[in-house]
Amino acid sequence: MFNQKSFLLKDKSIIVTGGAGLLGVVFAEALLESGANVGIADIDPKLLSKARSKFSKYDRQVAMLKLDITKPESVQSCLRNFLEKFGRIDGLVNNAVLRAPVSDFLKRDLDDFKKTTDVNINGVFLITQKTLEIMKKQRSGCVINIASIYGVVGPDQSIYPDDKINCPEYYCFQKGGLINFTRYLATTFGRYGVRANTITPGGIYAGQDKKFVENYSKKTPLGRMAKTGDICGALIFLMSDASSYVTGHNLIVDGGWTAL
Ligand SMILES: NC(=O)c1ccc[n+]([C@@H]2O[C@H](COP(=O)([O-])OP(=O)(O)OC[C@H]3O[C@@H](n4cnc5c(N)ncnc54)[C@H](O)[C@@H]3O)[C@@H](O)[C@H]2O)c1
């Protein structure tokens, strides 16, 4: 029988990496509003202190956590602090990202490419591995990986008005890999009661170049870029018991971009 309350996240404790960034704070707020305890984990102390004041009204429901997902000691101390406060880890949202300077592929600096890989691949590997150790023991948990439409399709080069804005090669490479990493987690850890799913957002409007926004919107069946809040319904659904039989899925929230 369907239970409307299955969408609520009361008593679930969830970590959001990159939790102080553009989507991270919106995700954290949606989770808090749905009743969850939330660890807002980020490498950037300035963004963390901004988020701290935004979320002060949630008091005991929230933990601000300094985290560098590329560093084993930082990952371990973040998880330790989170467990000390909330006692268990029901959810991990792999949302952190590092972007490199815009560059033509043929001129891409190898070190810049490696830096993004260190966060977007190696860091996700590390925090997921350490979190799954805990979830496996708990015999429950939920991992949500935040990918991108550029992990599903290649960029349409015609929408970029100049060389100041583009979808880079490392992003397609890493987000495509992340979507299949999610399937690996789903098929390997399902037997321990752990679910893993991907959310694939389309481009979020954040004051980008006017011509780019116009081109992007024209190409999108729903006629606009995403608002940050557009992605939250998918997050709450996949984190909640309403999706208790959903694992290995890629929930695309892109206004129809990849349906073309
Ligand atoms: N913004 C978009 O248009 C868009 C579209 C599709 C998908 N996404 C995806 O959504 C997610 C969030 O994107 P966003 O636009 O909010 O990015 P953002 O840059 O605003 O936030 C990313 C956060 O990750 C943090 N971070 C970077 N390196 C870290 C590390 N080593 N350890 C811990 N935290 C680290 C940053 O400090 C930042 O707060 C990303 O995975 C991104 O790929 C974004």
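Odds and ends about this structure:
- Any chance ASP59 is charged (D, E, K, R) and either near the ligand (Cβ under 9 Å from one of its atoms) or under 26 Å from CYS172 (Cα atoms) (or both): no
- Considering region 195-228, and only residues there that are assigned to a helix (DSSP H, G or I) and within 13 Å of the ligand (Cβ to nearest atom), the residue that is nearest to VAL153 (Cα to Cα) turns out to be TYR216.
- Some residue of region 235-249 being within 12 Å of the ligand (Cβ to nearest atom) and either surrounded by fewer than 19 Cβ atoms within 10 Å (Cβ to Cβ) or not in a helix (DSSP H, G or I) (or both): no
- Out of SER74, SER49, sole residue that is over 24 Å from THR117 (Cβ atoms) and within 13 Å of the ligand (Cβ to nearest atom): SER49
- Residue in region 132-139 that is within 14 Å of the ligand (Cβ to nearest atom) and surrounded by fewer than 16 Cβ atoms within 10 Å (Cβ to Cβ) present: no
- Members of region 140-194 found to be free of Cβ contacts under 8 Å to residues at least 24 places away in the same chain and either surrounded by 21 or more Cβ atoms within 10 Å (Cβ to Cβ) or within 13 Å of the ligand (Cβ to nearest atom) (or both), listed by number: PRO155, CYS167, CYS172, PHE173
- A Cβ distance below 8 Å, combined with a sequence gap of six or more or placement on separate chains, defines the contacts here; from region 77-103, residues that are free of Cβ contacts under 8 Å to residues at least 12 places away in the same chain reach residues that are within 16 Å of the ligand (Cβ to nearest atom) in the pairs PRO101/ASP112.
Coordinate-derived values only; no laboratory data. Note that the coordinates shown come from a computational prediction; the quantities given were computed from them, not determined experimentally. Cβ: placed from backbone, ideal geometry, glycine included. Neighbour counts: every protein chain shown.
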